[in-house]
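Heads up, the thing below is written out as structure tokens.
The values are calculated or read from the model by the stated rules, or taken from the named source; none is laboratory data. Note that this is a predicted model, so its numbers are computed, not measured. Cβ sites come from the backbone with ideal geometry, for glycine too, and all protein chains shown count toward neighbours.
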Amino acid sequence: MKLLKNSSIAIAKLQQLSEPLLQEVTDFIDFVIQKHQVKNADSQPDETLVEKWSQWFEAVDSLDVSPSEPVSNYQQLLLNKFRQQGLEL
């Protein structure tokens, strides 16, 4: 019941505003709506997106990662350079 009363009061006040002020109020309402939509999106991630990322991580985790033999002299030199720096591929 209180919501209806608040709505009626807000509508009555809006009806008294001039056109430029009404536009300003409309812009503010849009801002408040957008602000709360962003806040809700941040606090509740899209389940489909979460599921897709989970599937992707599972697929990547199941990949067989084995070092391949270099197919060119350039690759061999590059691998040697990495190994000299203490890096392993």
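Among the residues of segment 36-76, write down those that are closer than 20 Å to residue 88 by Cβ, modelled with pLDDT of 85 or more and aliphatic (A, V, I, L, M).
Passing the criteria: only 60.
Answer with yes or no whether residue 26 is at pLDDT below 85, of a type in the set (Ser, Thr, Tyr) and not in a loop (DSSP other than H, G, I, E, B).
So residue 26 does not fit the description; no.
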